[in-house]
Amino acid sequence: MVKKVDHIGIAVNNLEESVNFYEDILGLKLQGVETVEEQKVKVAFLPVGDTEIELLEATTPDSPIAKFIENKGQGVQHIAFRVDDLEKALEEMKKLGIRLIDEKPRYGAGGARIAFLHPKSTNGVLVELCERKG
Ligand SMILES: C[C@@H](C(=O)O)C(=O)SCCNC(=O)CCNC(=O)[C@H](O)C(C)(C)COP(=O)(O)OP(=O)(O)OC[C@H]1O[C@@H](n2cnc3c(N)ncnc32)[C@H](O)[C@@H]1OP(=O)(O)O
Ligand SMILES: [Co+2]
């Protein structure tokens, strides 16, 4: 069901500052920056191989990213797996007793359809399922 690691989400205090490490030190290229209001985040994408690093900065004090940094500090916040059919994947996860954060697909960066699984059901990793064209 899972095709690949679509992206790795990393919570940062400041996108502009954090991007320097990935560009100047690791030699990755910033592909774009986008605000996703529904998730209360500003996102920067840096492709690497056939996956991407997603840097996430909070846009509001009640953003999941603000809360994550408050509790754990900056760092890896989620892993996103690419699926072909998000509704079907969610239905199967639910049947298997996995706790869904999102029962229905929501919109993520780059027009992707996304939904999160609760870390309490996944051995402590916040998992995003992600369906996108191409
Ligand atoms: C733009 C889009 C895209 O890709 O296109 C994105 O990625 S948006 C990316 C940002 N959006 C999201 O993250 C949306 C989904 N996330 C959420 O709904 C939330 O952040 C939850 C994962 C439900 C956590 O919220 P909640 O208010 O419950 O936080 P909390 O601090 O009380 O945490 C409850 C328990 O979950 C754990 N916990 C919290 N966040 C975690 C994380 N990121 N990874 C692993 N564990 C985590 C805490 O340690 C705690 O465990 P203990 O009880 O053991 O202490
Ligand atoms: Co993500």
With respect to F21, is the statement that it is away from ligand 2 (no atom under 16 Å from the Cβ) and aromatic (F, W, Y) true?
-> yes
How many residues of segment 75-108 are touching a strand residue (DSSP E or B) at 6+ places or on another chain (Cβ under 9 Å), in contact (Cβ under 8 Å) with a residue 40 or more places away in the chain and more than 15 Å from ligand 1 (Cβ to nearest atom)? The answer is 3
Single residue of segment 97-114 satisfying the filter (outside any loop (DSSP other than H, G, I, E, B) and of a type in the set (A, V, I, L, M, F, W, C)) that is farthest from ligand 2 (Cβ to nearest atom) | L100
Matching residues in segment 115-134 (within 20 Å of G75 (Cβ to Cβ) and part of a helix (DSSP H, G or I)) number 2
Considering segment 1-37 alone, what residues qualify as being farther than 17 Å from H78 by Cα and acidic (D, E)?
-> E16, E17, E23, D24, E34, E37
List the number of the failed condition for K94; all other conditions in (1) more than 18 Å from N14 (Cβ to Cβ); (2) within 17 Å of the chain's Cα centre (by Cα); (3) open to solvent by 90 Å² or more (accessible area, probe 1.4 Å) hold.
-> (2)
For segment 31-91, which strands (runs of 3 or more DSSP E) that fit wholly inside it have 1 or more residues that are touching a Leu at 6+ places or on another chain (Cβ under 6 Å) and under 24 Å from N20 (Cα atoms)?
-> 41-48, 51-58, 75-83
Scanning segment 31-52 for residues that are buried (at least 18 other Cβ atoms within 10 Å of the Cβ) and within 12 Å of ligand 2 (Cβ to nearest atom) gives V36, Q39, V41, V43, A44, F45, E52
Out of segment 53-79, which residues are hydroxyl-bearing (S, T, Y) and either open to solvent by 50 Å² or more (accessible area, probe 1.4 Å) or within 16 Å of ligand 2 (Cβ to nearest atom) (or both)?
-> T59, S63
Scanning segment 1-29 for residues that are part of a loop (DSSP other than H, G, I, E, B) and open to solvent by less than 70 Å² (accessible area, probe 1.4 Å), the one farthest from ligand 1 (Cβ to nearest atom) turns out to be G27
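The values are calculated or read from the model by the stated rules, or taken from the named source; none is laboratory data. Because the structure is predicted, anything quoted here is derived from the model rather than measured. So basically every Cβ, Gly included, is an ideal-geometry build from the backbone, and we count neighbours across all protein chains shown. Only protein heavy atoms, including side chains, enter the accessible area calculation; ligands, DNA and RNA are left aside. Shrake-Rupley method; radii C 1.70, N 1.55, O 1.52, S 1.80 Å.
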